[in-house]
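The values are calculated or read from the model by the stated rules, or taken from the named source; none is laboratory data. From a predicted model like this one, the values you see are computed outputs, not experimental measurements. Reconstructed Cβ throughout: ideal geometry from the backbone, glycine too, with neighbour counts over all protein chains shown.
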Amino acid sequence: MGVMFVLTRQILNSSVTGTSVIICVLVVLAPIPALELFGIKPNWLLIWLVVWSLKRSLFSAAVAGLVLGLILDGITASNPSHIFSFMLVGVLTVFIYKHLMKKMQEDFVSVALIVFGMAIVVETIRALQFSQMSNHSLMDLWVYQQQVALSSAILSSLWAPVVYFPLNRWWELMKSSNSIHY
């Protein structure tokens with residue numbers, strides 16, 4: 001009975017986690033005008049990656065960044081790729097959590113600030129990748145990329161609690177049920 005309970009709980013946890021990724025992918029694909037700012041939408045997969053990486057290992061965060069980068073490359077323009085920037089975000093989020101946030105209280109405001117910073121990182125890396133691919137100088141691209149980076153960072157950080165709160169509560173519930181011994 002105990003083994004079956006643990007297995008059922010693990011399957012349920014994996015299902016909820018996987019479903020949350022699928023919902024984020026669907027929201028990326030859905031044309032929802034009220035969520036846009038200057039034609040830029042929140043980076044839902046980036047938000048999910050930051051939320052996932054907060055209390056995970058470096059390896060787990062990097063793998064999540066790889067998988068989400070591949071998913072985003074598959075549903076959007078894959079050139080330049082999202083893989084490197086998402087893997088970097090996963091790794092940076094782990095470092096920020098382990099070295100800064102553990103000393104502070106974790107709440108949706110601190111998560112929103114991390115998402116804001118990571119959105120800037122992702123868009124800056126994309127600007128650098130675009131500059132390598134085209135004949136335009138980095139300065140020419142950055143005029144446009146500043147608007148993209150700030151819009152993405154603002155929107156993503158504002159919507160971060162919508163992803164953070166339910167997933168964090170779920171994972172805390174799963175973690176606390178792991179400590180119950182039968």
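Considering only the stretch 121-139, I want to know if a residue exists there that is in contact with a helix residue (DSSP H, G or I) (Cβ under 8 Å, 6 or more places away or on another chain) and either of a type in the set (Asp, Glu) or on the phi > 0 side of the Ramachandran plot (or both). For the stretch 121-139, residues in contact with a helix residue (DSSP H, G or I) (Cβ under 8 Å, 6 or more places away or on another chain) and either of a type in the set (Asp, Glu) or on the phi > 0 side of the Ramachandran plot (or both): present. Among the criteria (1) modelled with pLDDT under 95; (2) more than 22 Å from Ala112 (Cβ to Cβ), the one Val67 does not fulfil is (1). Contact annotation: residue pairs with Cβ atoms under 9 Å, 6 or more positions apart or on different chains, pairing a residue in the stretch 119-144 that is over 25 Å from Gly90 (Cα atoms) and modelled with pLDDT under 80 with a partner that is in a helix (DSSP H, G or I) and aliphatic (A, V, I, L, M), are Ser134/Leu141; Leu138/Ala127; Leu138/Leu128; Leu141/Ala127; Leu141/Leu128.
Among the residues of the stretch 86-114, those that are more than 11 Å from the chain's Cα centre (by Cα) and of a type in the set (Ser, Thr, Tyr) comprise Tyr97, Ser110. Would you mind stating whether Thr17 is exposed (fewer than 15 other Cβ atoms within 10 Å of the Cβ) and assigned to a helix (DSSP H, G or I)? Here the answer is no, as Thr17 does not meet what is asked.
Asp140 satisfies every condition listed in (1) under 20 Å from Gly39 (Cβ atoms); (2) touching a Pro at 6+ places or on another chain (Cβ under 9 Å); (3) exposed (fewer than 14 other Cβ atoms within 10 Å of the Cβ) except (2). When Gly65, Gly74, Gly39 are screened for being on the phi > 0 side of the Ramachandran plot and out of contact with any Pro (no Cβ under 7 Å at 6 or more places or on another chain), only Gly39 passes. In the stretch 32-43, the residues that are part of a loop (DSSP other than H, G, I, E, B) and surrounded by 10 or more Cβ atoms within 10 Å (Cβ to Cβ) reach residues that are at pLDDT 80 or above and small (Gly, Ala, Ser) with C-beta atoms within less than 7 angstrom, at least six apart or across chains, in these pairs: Phe38/Ser151; Pro42/Ser156; Asn43/Ala119; Asn43/Ser152; Asn43/Ser156.
Is it the case that the stretch 82-91 has a residue that's free of Cβ contacts under 8 Å to residues at least 24 places away in the same chain and over 21 Å from Leu158 (Cα atoms)? Yes, the conditions are met somewhere in the stretch 82-91.
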